[in-house]
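Take a look at this one; I'll ask things after.
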Amino acid sequence: LHQSQILVNCGKRFGKIPCSVTGGADPHALDPEPELWRKEQEKIQQEEEKEERYREKKAAAADYAERNRKYSEPRDNGTQNHEGIDGGAFTGGGSNFVDVDDMKDEKVELSFNNIVAAAPTPKKRKKKKKKLL
C-alpha cells in the first residue's frame, strides 16, 4: 500500500485540509468536509447550550434577588418611621444612605473660652562641637 498526503479544498469556511490518499493503481481519499461540518454543528450546539444555561442562571439570580429584596424591605406596621434618624428620606433595603438634599442643617456653637492649654516647653539646644583643623 502506498500512502501520501494531498490538500483538499473544503471551501471558504474550512480552507484547504490535508488528507491521506491510499491505494496503488486505484487511489482513494476520504472527503474531510462532512466530518468538519459535523464538528462545526456540535460546536454550535454546545455554544447554544452554554448560552441557554447562562440565561437560566441569570434569570434565577434575578429571581432570587427580587425575592430577597421583597423580604429585606421593612414592613410598615404603624411603628415604622419613614424618616431616617437624621430626618432624611427612608430609602429601604437596610441602606444607611441619606440624600444630601434631604439632610437637615444643624447649627453647632463652638466655644473656646474655658480651655486651659499649657505653653509648650522650649526644646534644649545641643552644643556644637568645635572642629580642630
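Given the conditions (1) at pLDDT below 70; (2) under 30 Å from LYS12 (Cβ atoms), and given that TRP37 satisfies all but one, which numbered condition is not satisfied?
Unmet condition: (1).
I'm checking my understanding of the structure. Among residues of region 72-107 that are aliphatic (A, V, I, L, M) and not in a loop (DSSP other than H, G, I, E, B), which one is modelled with the lowest pLDDT?
ALA89
Give region 1-29 a look and list any residue that's at pLDDT 80 or above, open to solvent by 100 Å² or more (accessible area, probe 1.4 Å) and in a loop (DSSP other than H, G, I, E, B), or say none.
Correct list: ASP26 only.
Could you check how many residues of region 30-39 are in a loop (DSSP other than H, G, I, E, B) and open to solvent by 80 Å² or more (accessible area, probe 1.4 Å)?
2
Another question, if that's okay. Check off (1) modelled with pLDDT of 85 or more; (2) open to solvent by 100 Å² or more (accessible area, probe 1.4 Å) for GLU42 and give me the number that stays unchecked.
The one condition GLU42 does not meet is (2).
Ok, one more. Tell me which of these ARG69 doesn't satisfy, since it passes every other one: (1) at pLDDT 80 or above; (2) surrounded by 10 or more Cβ atoms within 10 Å (Cβ to Cβ); (3) more than 30 Å from LEU7 (Cβ to Cβ); (4) basic (Lys, Arg).
(1)
The values are calculated or read from the model by the stated rules, or taken from the named source; none is laboratory data. As the structure is a prediction and not an experimental result, all values here were calculated from the model. We place every Cβ from the backbone using ideal geometry, glycine too, and count neighbours over all the protein chains shown. Heads up: the accessible areas ignore ligands, DNA and RNA and are worked out on the full protein's heavy atoms, side chains in. Shrake-Rupley method; radii C 1.70, N 1.55, O 1.52, S 1.80 Å.
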